[in-house]
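Undergrad: Mind having a look at this structure? Questions to follow.
The values are calculated or read from the model by the stated rules, or taken from the named source; none is laboratory data. Quick caveat: nothing in here was measured; it's all calculated off a predicted structure. Heads up, the Cβs are rebuilt from the backbone with ideal geometry, glycines too, and the neighbour counts pull from every protein chain shown.
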Amino acid sequence: MTTSETYNGWKNYPTWNVKLWIDNDEGLYNEARRIAVIIREQAPQDDNVLAGIWTAEETARFRLADHVKQWVRDDLAPDLGASFAADLLGYALDQVDWEEIAVALLDD
């Protein structure tokens, strides 16, 4: 039996769920868009682009993925302390494809 690991066109359920919450909360969506615009504008001047390591598009994708991951983990996810719920939340957030979310935000 073959099972698909995708969920509603996204890599998996945690990725879909994070993007769903960002898209369906006006404040979160506006903040995500604001961050994406800033990172896209700054990408051509990034040291990795100037050194020829990454393209501006790659830089924007990588930097935005890192930023959204940190934002969700540090500001949006509740601090559950050392608990069963914290372990499950941490596991789910580890499954998120942050680059997939970054690409979607940059394409918006």
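Undergrad: Residue 41 - would you say it is more than 23 Å from residue 12 (Cα to Cα), over 11 Å from the mean Cα position of the chain (by Cα) and at pLDDT 95 or above?
TA: Criteria met by residue 41.
Undergrad: Would you be able to tell me the number of residues in the stretch 73-104 that are closer than 24 Å to residue 56 by Cα and in a helix (DSSP H, G or I)?
TA: So the answer is 7.
Undergrad: List pairs: first residue in the stretch 56-70 and within 13 Å of residue 97 (Cβ to Cβ), second residue surrounded by 17 or more Cβ atoms within 10 Å (Cβ to Cβ) and of a type in the set (Asp, Glu) anywhere in the structure, Cβ distance under 7 angstrom, at least six positions apart or on different chains.
TA: Every condition considered, the pairs that remain are 61/99; 65/99.
Undergrad: Further question on the same structure: Any chance the stretch 52-63 includes a residue that's surrounded by 17 or more Cβ atoms within 10 Å (Cβ to Cβ), under 18 Å from residue 20 (Cα atoms) and among the hydrophobic types (A, V, I, L, M, F, W, C)?
TA: no
Undergrad: Which residue pairs have Cβ atoms closer than 7 Å, lie 6 or more positions apart in sequence or on different chains, and pair a first residue in the stretch 14-39 that is farther than 20 Å from residue 94 by Cβ with a second residue that is modelled with pLDDT under 95 and among the acidic types (Asp, Glu)?
TA: Sorted first by the residue in the stretch 14-39, then by its partner, the pairs are 33/108.
Undergrad: Could I ask something else about it? Can you confirm whether residue 79 is modelled with pLDDT of 95 or more and surrounded by fewer than 18 Cβ atoms within 10 Å (Cβ to Cβ)?
TA: So residue 79 does not fit the description; no.
Undergrad: Can you tell me how many residues in the stretch 35-68 are in a loop (DSSP other than H, G, I, E, B) and either hydroxyl-bearing (Ser, Thr, Tyr) or in contact with an Asp or Glu (Cβ under 7 Å, 6 or more places away or on another chain) (or both)?
TA: The qualifying residues number 1.
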